[in-house]
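Take a look at the structure below.
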Amino acid sequence: MKKLFTLLLTLVFVFALSACDNTRSGAKQNNNANTPTQSETDLITRDRAIELALNHAGFTLDDVYDLEAELDRERGGTYWEVDFESKNLEYSYDINAQTEEITRLEKERD
């Protein structure tokens, strides 16, 4: 009975170690997937996107509230989505993260 228990315990230990190796390999792959590509390192910063949106709207940071900026990889490109509110209006900008071009602007009553 002790030999059977030892054998089972050894098998469990071996399977646990092999699972750890797979996890480590997966982690390496995930880290590589999160490494920016050359074109991603050329993207404008969050602060620059906010600056472009505020300048276009004619505001400063002190004039706005509920400011949010999120990098969005959709529609065949990479965009900063910048949203804020000021003077009872909600503004939403999409700014091309490579060219700094404002590609969308929505403005609506709060």
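Among the residues of the range 86-98, those that are open to solvent by less than 30 Å² (accessible area, probe 1.4 Å) and not acidic (Asp, Glu) comprise Ser86, Tyr91, Ser92, Tyr93, Ile95, Asn96, Ala97.
Have a look at Glu51, Glu106, Glu101 and point out the one that is open to solvent by 100 Å² or more (accessible area, probe 1.4 Å), free of Cβ contacts under 8 Å to residues at least 40 places away in the same chain and of a type outside the set (Val, Ile, Thr). Of the residues listed, the single one that is open to solvent by 100 Å² or more (accessible area, probe 1.4 Å), free of Cβ contacts under 8 Å to residues at least 40 places away in the same chain and of a type outside the set (Val, Ile, Thr) is Glu101.
Restricting attention to the range 69-85, does a residue exist that is open to solvent by less than 80 Å² (accessible area, probe 1.4 Å) and touching a residue at least 40 places away in the same chain (Cβ under 8 Å)? Within the range 69-85, none of the residues are open to solvent by less than 80 Å² (accessible area, probe 1.4 Å) and touching a residue at least 40 places away in the same chain (Cβ under 8 Å). Within the range 80-104, restricting attention to residues that are among the hydrophobic types (A, V, I, L, M, F, W, C) and within 21 Å of the chain's Cα centre (by Cα), the residue that is farthest from Thr45 (Cα to Cα) is Phe84.
The values are calculated or read from the model by the stated rules, or taken from the named source; none is laboratory data. Since we're looking at a predicted model, the values are computed, not measured. Counting neighbours? That spans all protein chains shown, and the Cβs are built from the backbone with ideal geometry, glycine included. Please note that ligands, DNA and RNA were not included when accessible areas were found on the heavy atoms of the full protein model with its side chains. Shrake-Rupley method; radii C 1.70, N 1.55, O 1.52, S 1.80 Å.
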